[in-house]
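Notes follow once the structure below has been shown.
The values are calculated or read from the model by the stated rules, or taken from the named source; none is laboratory data. All figures in this text were calculated on a predicted structure; none of them were measured in a lab. Quick reminder, even Gly has a Cβ in these numbers, built from the backbone with ideal geometry, and neighbours come from all protein chains shown.
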Amino acid sequence: MMRVLSVASEAYPLIKTGGLADVVGALPAALAPHNVALTTFLPGYPALAAVTKRAKVVHRYTDLLGTEARILKTKIGDHPLLVLDAPALFARGGGPYGDATGADWPDNWRRFAAFSRAAADLASGTVPGYAFDILHAHDWQAAMAPAYLRYAPGPANAAKTVVTIHNIAFQGRYGYDIFADLALPDIAFALDGVEYYGGVGYLKAGLEAADAITTVSPTYAAEIRRAEFGMGLEGLINDRANRVTGIVNGIDPAVWNPETDAALPARYTARTLARRRTNKRAIETLFGLDTEDGPLFTVVSRLTGQKGMDVLAGALDELVALGGRLALLGSGDTDLERAFLDAAERHPGRIGVRIGYDEPVSHLLQGGADAILIPSRFEPCGLTQLYGLAYGCIPVVARTGGLADTVIDANEAAIAAGVATGIQHDGVTPEALSHALRRTLALYARPDRWAMLQRNAMRADFSWDESGRRYANLYSSLLEPA
Ligand code: ADP
C-alpha cells in the first residue's frame, strides 16, 4: 500500500466553497482500489468541530509559526482524517478564507503557512508514528508544504511531493515582509524557491519544489503554458513542462447519481427521463417560474468574471425573448448578484434567482432543468458540467479547459455518430453566447435529438476509475528508484 497524505483547505462534506472540496472528498475512495491508502489533512475550522469532538491528539505544538496547535486524528467517512487544531488561526466565523463580507482574512499567509508546515512535519517524520510515501498538496493553501520539506527537512524527509493546481488564478501572493515569519532559511528566498516578483508566492514555491505537478484537465495543462491562462506562472510551467500532467476530475457516485439522489423529488435513469418533469415542476415552484414544458436553463455557479457571468447577465433578455426560462443559484460579486436580481425583476415568471449557497437545490437544478449554462473564460476542470452530464441536464459550455475535454459538441457529425453530449461555443462574447442559446433551443425543439443528447450524456463515464488509476500511477512512478 502506498501511503499518501492529501493536504487541502476544503473537503466535501465537511467544508466546501467549490470544486476543490468535491475532489478532495472523493479521492480517498477513488484511490483505495489502486493500492493507495490516503489520509486527508484539513485545517480545524469550526465546521469540523463535530468530527473532531472525540478525536485523538497525535501531536502538540507550542509554537507553530507563532501559535499553539495540535494535530488531531479522526475520520472522514471511512477514511483517516487529520486536522490541524489551531484556534488562533482557524476557530472563527465566516468562511475558510475570509469574513462574512467576503474580505480575505489578513493573516491568511500565516494560517496556510502554518497548515503547510504541519503537513510537512507529518510527511517528514517529525510527528512520531506518522510516515507517508507521498505528500499531495492541493492549491496554494497547501503548496508551501513541499517547500517546507525541501528547505526545512525533518528526520525522515523521504516523501515525494505532488502539487495539484485546481485553479492557477489563486496563488497566495504576499509581500517580502512576511518572509521572516515563515521560519524558512534565507536561501529559500530564491528564484527557484519561494520568491515571486519580489514577494513570496505560495503556489509558485510549491510548483518549484514539487516532484510532480498536476492540473485537473489536459487542456488546462496546455493552456497554463500561455500568458492568457498562466496568470504569471506560465514561465515556470513551461520550464517544468515535463513534470506537468492533466488528470480530469471524476464524480463521486455516492453523492451525484440521479437514481439515488435524496435531493430529488423524482429519481430517474436514462430509461425514465420523463420523471424529470416532476423535478422541473419543483424548480418552477421554488424559483417562482411559469409552469410549462418549454426549455428551462439553469446556472449553479460562483458569480464571477471567471465564470463569464457578466456576459451571461447581458444575454438574459434574449434568452427570455427566445422562449427560454432560467433558474439561477449562485453567489459572488455584488454587482453580478444585482444584475441577476434585476433580470429576475424584469422578467417575472421567466427568470428566477436565488443568491446563496445551497447543496440540495444545486442537485434539484441538475435533476430538473433542461440545460446548464457554463460560459467560463477559463475552467481548470469544472464539475457542474459533469454533474449535468450525469443528470441529463445538457451542458452548454465555453470551449476551454476541462469543459473542452469533457463535453462533445452536438455538431452534425457528432449527432450522426451518436456521441454528442452538449453544446460548446468558442469564446465568451455576447455573439458566441447568443449563437449557443439558439443552437440549444433548436435542438430542444426536436425531442428525438434532445433525448438522444440526454442519453449520450448520461452514458458518458466520468467515474473516478480511470483518473484514480492515473493518480496511483503517478505516485508509483515517483517512488521508483531513479
Ligand atoms: P469552482 O470550483 O471553480 O467554483 P467547479 O465547477 O469545479 O467550479 O465546482 C463548483 C462546485 O460548487 C460544484 O460542486 C457546484 O455544484 C458547487 N456550487 C457552486 N455554486 C453553488 C451554489 N451557489 N450552491 C450550491 N453549490 C454550488
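Would you point out which residue out of 78, 133, 63 is closer than 24 Å to residue 27 by Cβ, more than 23 Å from the chain's Cα centre (by Cα) and of a type in the set (D, E, K, R)?
None of the other options fit; the residue is 133.
So which strands (runs of 3 or more DSSP E) stay within segment 150-244 end to end and still have 3 or more residues that are within 22 Å of residue 405 (Cα to Cα)?
Fully inside segment 150-244 and qualifying: 160-165, 212-215.
Looking only at segment 292-329, count how many residues are more than 16 Å from the ligand (Cβ to nearest atom) and part of a strand (DSSP E or B).
Counting residues in segment 292-329 that are more than 16 Å from the ligand (Cβ to nearest atom) and part of a strand (DSSP E or B) gives 2.
Just a yes or no: is a residue in segment 349-370 in contact with a Pro (Cβ under 7 Å, 6 or more places away or on another chain) and either farther than 20 Å from residue 435 by Cα or small (Gly, Ala, Ser) (or both)?
Yes, segment 349-370 contains at least one residue that is in contact with a Pro (Cβ under 7 Å, 6 or more places away or on another chain) and either farther than 20 Å from residue 435 by Cα or small (Gly, Ala, Ser) (or both).
Is there a residue in segment 21-29 that is in contact (Cβ under 8 Å) with a residue 60 or more places away in the chain, in a strand (DSSP E or B) and within 16 Å of the ligand (Cβ to nearest atom)?
Looking for residues that are in contact (Cβ under 8 Å) with a residue 60 or more places away in the chain, in a strand (DSSP E or B) and within 16 Å of the ligand (Cβ to nearest atom), one finds none in segment 21-29, hence no.
Determine which single condition residue 198 fails, assuming it passes every other condition in (1) on the phi > 0 side of the Ramachandran plot; (2) touching a Gly at 6+ places or on another chain (Cβ under 6 Å).
(2)
Looking at residue 59, is it touching a helix residue (DSSP H, G or I) at 6+ places or on another chain (Cβ under 8 Å), farther than 25 Å from residue 109 by Cα and not aromatic (Phe, Trp, Tyr)?
Criteria not met by residue 59.
For the subset of segment 310-324 comprising residues that are touching a Phe, Trp or Tyr at 6+ places or on another chain (Cβ under 9 Å) and free of Cβ contacts under 8 Å to residues at least 40 places away in the same chain, which member is nearest to residue 440 (Cα to Cα)?
The extreme case among them is 316.
Evaluate the following for residue 93: is it in contact with a strand residue (DSSP E or B) (Cβ under 6 Å, 6 or more places away or on another chain) and not aromatic (Phe, Trp, Tyr)?
no
Tell me, yes or no, whether segment 355-373 has at least one residue that is within 12 Å of the ligand (Cβ to nearest atom), in contact (Cβ under 8 Å) with a residue 24 or more places away in the chain and under 30 Å from residue 227 (Cα atoms).
Within segment 355-373, one or more residues are within 12 Å of the ligand (Cβ to nearest atom), in contact (Cβ under 8 Å) with a residue 24 or more places away in the chain and under 30 Å from residue 227 (Cα atoms).
Out of the residues in segment 11-20 meeting the condition of being buried (at least 23 other Cβ atoms within 10 Å of the Cβ) and either within 8 Å of the ligand (Cβ to nearest atom) or of a type in the set (Lys, Arg) (or both), tell me which one is farthest from residue 75 (Cα to Cα).
Residue satisfying both the conditions and the ranking: 19.
Away from the ligand (no atom under 16 Å from the Cβ), among the aromatic types (Phe, Trp, Tyr), in contact (Cβ under 8 Å) with a residue 12 or more places away in the chain and crowded, with 18+ Cβ neighbours inside 10 Å: which single residue out of 151, 176 fits that description?
Result of the check over 151, 176: 151.
Going by the structure shown, is residue 482 loosely packed, with under 13 Cβ neighbours inside 10 Å and either within 21 Å of residue 256 (Cβ to Cβ) or without any contact (Cβ under 8 Å) to a residue 12 or more places away in the chain (or both)?
yes
Of the residues 123, 152, 100, 159, which single one is of a type in the set (A, V, I, L, M), at pLDDT below 95 and more than 24 Å from the chain's Cα centre (by Cα)?
None of the other options fit; the residue is 152.
Would you please name the residue that is surrounded by the most Cβ atoms within 10 Å (Cβ to Cβ), looking only at residues in segment 376-390 that are under 23 Å from residue 271 (Cβ atoms) and within 11 Å of the ligand (Cβ to nearest atom)?
Among those that are under 23 Å from residue 271 (Cβ atoms) and within 11 Å of the ligand (Cβ to nearest atom), it is 388.
Sort out for me the helices (runs of 4 or more DSSP H) sitting completely within segment 394-449 that have 3 or more residues that are buried (at least 17 other Cβ atoms within 10 Å of the Cβ).
Helices (runs of 4 or more DSSP H) meeting the threshold: 401-406, 430-444.
Go through (1) assigned to a strand (DSSP E or B); (2) away from the ligand (no atom under 14 Å from the Cβ) for residue 342 and report which single condition fails.
Condition (1) is where residue 342 drops out.
Each row is one residue, and each column tells you yes or no for (1) within 30 Å of residue 463 (Cα to Cα); (2) surrounded by 21 or more Cβ atoms within 10 Å (Cβ to Cβ); (3) among the hydrophobic types (A, V, I, L, M, F, W, C).
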{"site": "281", "(1), (2), (3)": "yes, no, no"}
{"site": "299", "(1), (2), (3)": "yes, yes, yes"}
{"site": "327", "(1), (2), (3)": "yes, yes, yes"}
{"site": "338", "(1), (2), (3)": "no, no, no"}
{"site": "367", "(1), (2), (3)": "yes, yes, no"}
{"site": "370", "(1), (2), (3)": "yes, yes, no"}
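Taking residue 263 as the residue in question, decide whether it is in a helix (DSSP H, G or I), at pLDDT 95 or above and either at positive phi or not basic (Lys, Arg) (or both).
So residue 263 does not fit the description; no.
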